[in-house]
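Student: Take a look at this one; I'll ask things after.
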């Protein structure tokens, strides 16, 4: 995960049920925007943003 920050990653999408990785990213890296994708409605919302 430290490579994400070093390489300028600004957003991550966690695919599947649960939000474990999303929570870890929020706590470790304040400048990365984590998103959780667990259904098609969320996919549509992310795609439109």
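Values quoted throughout were computed directly from the atomic coordinates according to the rules given, and no laboratory measurement underlies them. These numbers come from a predicted model, not from an experiment. Here the Cβ positions follow ideal geometry from the backbone for every residue, glycine too, while neighbour counts run over all protein chains shown.
Student: Taking helices (runs of 4 or more DSSP H) that fall entirely within the chain, which contain at least 2 residues that are in contact with a strand residue (DSSP E or B) (Cβ under 9 Å, 6 or more places away or on another chain)?
Tutor: Result: 20-28, 40-48.
Student: Would you please list the contacts, defined by Cβ atoms under 8 Å and residues six or more apart or on different chains, that run from a residue in the range 1-17 that is touching a residue at least 40 places away in the same chain (Cβ under 8 Å) to a residue that is surrounded by 10 or more Cβ atoms within 10 Å (Cβ to Cβ)?
Tutor: If the second residue must be surrounded by 10 or more Cβ atoms within 10 Å (Cβ to Cβ), no pairs are left.
Student: Count, please, the residues in the range 16-45 that happen to be surrounded by fewer than 13 Cβ atoms within 10 Å (Cβ to Cβ) and more than 16 Å from residue 1 (Cβ to Cβ).
Tutor: Matching residues across the range 16-45 total 8.
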